[in-house]
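The values are calculated or read from the model by the stated rules, or taken from the named source; none is laboratory data. In this text, all values refer to a predicted model and were calculated from it rather than measured experimentally. No Cβ is skipped: glycine too gets one built from the backbone with ideal geometry, and neighbour counts run over all protein chains shown.
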Amino acid sequence: MKRLHLSGGMLVFLGAVFWSLNSPLVKYLSLSSFLICGLRSVIAAGALCPLLRPRQLNWNGWMILYVVSYAGLCLSIIMALSMTAAPIAIGMQYTSIIWLFLVRLLKTRRFDTRAFIPVLVICVGVVFFMCSGGDSSSQLGNLIALVEGVFFACMTVGSKKAAGTNPVGLTAVANTFTGAVVFLLFPGALAGLKTMTGTEWLIMLVLGVVQVGGGYAFYNLGVQKVSAQKASIIALWEMILGPIWVALFLKEYPSLIVLIGFVIILAGMLLDSLLNSSGSCDTHRNGARQDGALCK
């Protein structure tokens, strides 16, 4: 990983690309949601543990915040998917940009209009995306989905403080913790291991090694180089690419309201790129204009 000299934004984008594989791959599985959640974390942990260097991590309160938020995000998405519409369960995690903007506002006590306008536009697009869910939502499911944004925001900030010089190792720790928590809370899910086919094991390996392990490893690498809010905005590519893969490979096409949401989200991302082009932590360390307190 030391030879990987991609920009922070590109690393986060690669993470989002890997995450977006979840939608088409999971559609091939008939396994319990909790088995999928726990098993892919265990596989990701196994794949990344050889890169774990404990002394390179910061074993502090931020580490606890990161691993708890990571596990909370994984579990809340799985639980929300079973109780509410999929666009809501997936889209609500990206309300993290609102929480990160509010935290930045409280820390700096300065309202940054240039940062707020893209956030507002993106949130409108996310709302359009979530409105495609129809009537299959429940109040409890929506409430669970609401906390996803908080978990994702805490995870992003915690990564900056806990990763030290080994963001990939941090990903291994988080997945080890998540796998253990899922199977301790839902031991019955393990019964599904006995009926898994060879194809299902292959898909789970791709989900664990690539979608989860690779996705979060790239995201954690990238978030060290860009501000937390910038990382959350770039990660929105997962929302856009997931339905595209489903349309290309499964021939299931997004509705008009989803397409409108995509266009609005892309417009917000373009606005952020134009208005806040100096959001990189690398740029900050070289003496350029500071982009807020969440960069470090």
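From (1) modelled with pLDDT of 95 or more; (2) more than 30 Å from Pro254 (Cα to Cα); (3) touching a helix residue (DSSP H, G or I) at 6+ places or on another chain (Cβ under 8 Å), pick out the condition that doesn't hold for Ala180. Result: Ala180 fails condition (3) only. If you go through region 229-236 one residue at a time, do you hit one that is modelled with pLDDT of 90 or more, closer than 16 Å to Phe13 by Cβ, not acidic (Asp, Glu) and not in a helix (DSSP H, G or I)? Looking for residues that are modelled with pLDDT of 90 or more, closer than 16 Å to Phe13 by Cβ, not acidic (Asp, Glu) and not in a helix (DSSP H, G or I), one finds at least one in region 229-236, hence yes.
Of note, Leu73 does not satisfy the criterion of being closer than 26 Å to Ala180 by Cβ, surrounded by fewer than 20 Cβ atoms within 10 Å (Cβ to Cβ) and among the hydrophobic types (A, V, I, L, M, F, W, C). Identification of helices (runs of 4 or more DSSP H) wholly contained in region 85-187 with 2 or more residues that are closer than 20 Å to Gly242 by Cβ and of a type in the set (Gly, Ala, Ser) yields 86-91, 139-162. Just give me the residues in region 237-267 being more than 19 Å from the chain's Cα centre (by Cα) and assigned to a helix (DSSP H, G or I), in sequence order. Those that are more than 19 Å from the chain's Cα centre (by Cα) and assigned to a helix (DSSP H, G or I): Ala247, Leu248, Phe249, Leu250, Leu256, Ile257, Val258, Leu259, Ile260, Val263, Ile264, Ala267.
So that you can scan it fast, the table gives a plain yes or no per residue for (1) touching a helix residue (DSSP H, G or I) at 6+ places or on another chain (Cβ under 8 Å); (2) under 24 Å from Asn22 (Cα atoms); (3) among the charged types (D, E, K, R); (4) modelled with pLDDT under 90:
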site	(1), (2), (3), (4)
Leu52	yes, no, no, no
Arg55	no, no, yes, no
Ile78	yes, yes, no, yes
Ala86	yes, yes, no, yes
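The residue that is modelled with the highest pLDDT, among those in region 237-281 that are buried (at least 19 other Cβ atoms within 10 Å of the Cβ), within 16 Å of Asp112 (Cβ to Cβ) and of a type outside the set (Gly, Ala, Ser), is Asp272. Scanning region 212-224 for residues that are crowded, with 23+ Cβ neighbours inside 10 Å and not hydrophobic (A, V, I, L, M, F, W, C), we see that the one that is farthest from Lys27 (Cα to Cα) is Gly222.
Determine, yes or no, whether Ile64 is surrounded by fewer than 16 Cβ atoms within 10 Å (Cβ to Cβ), at pLDDT 95 or above and either closer than 13 Å to Val173 by Cβ or not small (Gly, Ala, Ser) (or both). Please lay out each step first, then the result.
Values: surrounded by fewer than 16 Cβ atoms within 10 Å (Cβ to Cβ): yes; at pLDDT 95 or above: yes; either closer than 13 Å to Val173 by Cβ or not small (Gly, Ala, Ser) (or both): yes.
Spelling it out, Ile64 is indeed surrounded by fewer than 16 Cβ atoms within 10 Å (Cβ to Cβ), at pLDDT 95 or above and either closer than 13 Å to Val173 by Cβ or not small (Gly, Ala, Ser) (or both).
Checked against (1) surrounded by 19 or more Cβ atoms within 10 Å (Cβ to Cβ); (2) over 21 Å from Ser76 (Cα atoms); (3) of a type in the set (S, T, N, Q), Thr199 passes all but condition (1). Each residue in region 28-50 was checked for being among the small types (Gly, Ala, Ser) and at pLDDT 95 or above, and 6 of them qualify.
When the residues of region 6-27 are narrowed to those that are at pLDDT below 85 and more than 19 Å from Thr171 (Cα to Cα), which ends up surrounded by the most Cβ atoms within 10 Å (Cβ to Cβ)? Checked region 6-27; the qualifying residue surrounded by the most Cβ atoms within 10 Å (Cβ to Cβ) is Ser23. Taking region 28-48 as the range and being of a type outside the set (S, T, N, Q) and either surrounded by fewer than 21 Cβ atoms within 10 Å (Cβ to Cβ) or under 30 Å from Asn276 (Cβ atoms) (or both) as the test, the residues that pass are Tyr28, Leu29, Leu31, Val42, Gly46, Ala47.
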